[in-house]
1. Run the numbers on the range A:334-463 and let me know its relative contact order in percent, using alpha-carbon pairs under 8 Å that are six or more apart.
2. Which of A:71, B:31 has the fewest other C-beta atoms within 10 Å, and how do the rest follow up to the most?
3. Quick check on packing: order A:274-287, A:34-47 by the mean number of other C-beta atoms within 10 Å, highest mean leading.
4. As a footprinting exposure proxy, order B:173, A:458, B:9 by other Cβ within 10 Å, with the fewest listed first.
5. So in the protein assembly as shown, what percent of DSSP beta bridges are antiparallel if you round to the nearest 5?
6. Which order do the peptides A:104-110, B:216-222 take when ranked by the mean count of other beta-carbon atoms within 10 Å per residue, highest first?
7. In peptide B:177-184, how many Cβ atoms from other protein chains are near each Cβ within 10 Å, on average?
8. For chain A, what is the calculated [θ] at 222 nm in deg cm²/dmol (nearest 500), taking -39500 (n - 2.57) for each run of four or more DSSP H residues and dividing by its residue count?
């Protein structure tokens, strides 16, 4: 590790003054060198200071199980873009330019990420392919189903997609900006609504990062409850994805069954905390609701049949040659592309990349409950579906084990006050992949800067690549096989 | 092989669609708590314990005594219920909370301890939509939770289609617009265009606290604080997100399909 970076573990903090600093071009060079030797960019963002902006880089070294941070001196103007050689930085650099006017020289596609043009995002020009046979298809922001808004611009030759550009920003609610100076009265609720289907994931990252700022840790039983809730969230969403994927290839038995079983898993979360999406459960300092023996027995009694049913419904799916024919070889992302683009979560694991925060950077109860990483080679719709199925099985098995060995003790302690001028990082493996929260406290102990990276921020480009050379009619199953968040990206 | 498997499975399970509304409604989870009831007469003088813990400033202490609780801003976290020293705010366990007018969500005045549930559409619209309602959904800054529970209504357990209610792909085919989310500024144009593309007469239904008031995002300059900043809203369905049962109750109430005697509106 170069001297430019300081090492730290997931869910820990570092005094801001102990984060090594260097000029911005130097930081860009050092970051590029670390990416070359296998690092992964978790976050790259600006912190305003004096008349300039300090850039903070957070890297993950998965095989070493460590993270690394560094910062630049306050800078203005421009610097040599990372993206030119390291595509995984492309959105981070666009975002930095949009928010802090630091121009990455040599960025091949510098345009806004979520900026507003009044009543719609300022998306500007889309990439265009010219030629007599080329036609352009524009879809969205409003889509045909009950789904979030985003704009898709396809460049096609006949049925074949040559290029897809995805324009987002429609869901922008100003969450990061509103966090500065916080936590405020509504902060916890805004965090729980970063992406509603990942409430537990984001709330756990937020609680963890605040606890790390304070140098504290939640009681063990609360960490265990967070694991239970996070795996229930994974079960519900992966089951819903099996339903949606089956539905898109008109395989109704699995679609109908999994649509309902997903509700059974959501209801287990509601059994725990009253809310089907886990709102109100996770708080800095612990959890608000306990799993008493009677409730635990009820939960176990309902979990087993739901797991058995999803197993059966998935077996129909894998048994059907018509399904395999529609999934195999469609929407392929190659392992090298996935690595270069920094994909995370099931989308990365379906390209054969062994990458899972629960395994690589365990925090909370995952330090005591390791599970194997579910990987499938291939990179196509089949692989992404298959990884979800493997994860369903493993999450089910993990829950069986964990629900049989309950730690005693309190579930919540008074949240300690964050220490001043401290930087903390939390990674959580949400069902879509790596959720990264980076918090910086100011001299008053309040939040000076808060950075949120939803897994969708890494993965939308994966969907765009998956469509290259595909029939445009395969867009729905490719899209469902990623099932990315619009609001988590737009923040 | 799977053909026989699936048929056997279907036979074993039988019809999975719930009996509601002909039969009893499914139970809410015990920790859900349902809607709120406010007995402001029990408020101690000068007390603002509930207002201090509310994450969205949904509770306004009255100058003299008592409070006004806006269920359209409520996230149902029940912190106020726990904080109240007098038991003035209680959870009723009732899933029904859809209203026709925004002010019907304000609780606290004598006679207004609970929400004033939605009345059905009047004669002509009820005749038009009562047995066939086509809805177009637009998420405008929504976080995909209310959207998910709208999708749930289409699954076999709920089977929204049996009421003649269906979500359609085009605003041209729609009788009503269902909005979720606080209405982000970046979706304002899309929401307006969708509404303008719908034929008259048309309804607007705001689903979830975010769509009613902006929810936890109210006041952020990036959002417009709910659907009625942009469009006239005909039905408000509170919840964060609303339970599917709450949404279904609201829709059926609007269409007069619940089989209850129609509520007599006594207020002026």
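1. Details: 193 pairs, mean separation 33.7, N = 130.
Over the range A:334-463, the number comes to 26 percent.
2. B:31, A:71
3. Details: A:274-287: 25.4, A:34-47: 19.9.
The densest-packed peptide leads the list: A:274-287, A:34-47.
4. Placing the least packed residue first, the sequence is B:173, B:9, A:458.
5. Approximately 75 percent, going by the DSSP bridge assignments.
6. On the way: A:104-110: 15.3, B:216-222: 20.6.
Taking the mean over residues of other Cβ atoms within 10 Å, the ranking is B:216-222, A:104-110.
7. That average works out to 4.
8. Numbers: 16 runs with 199 residues, N = 491.
For chain A, the value works out to -12500 deg cm²/dmol.
Every read-out reported here was derived from the displayed coordinates using simple, explicitly stated rules and does not represent laboratory data. Not measured: the values here are computed from a predicted model. Positions of Cβ are generated from backbone atoms using ideal geometry, with glycine treated the same way; all protein chains shown enter the neighbour counts.
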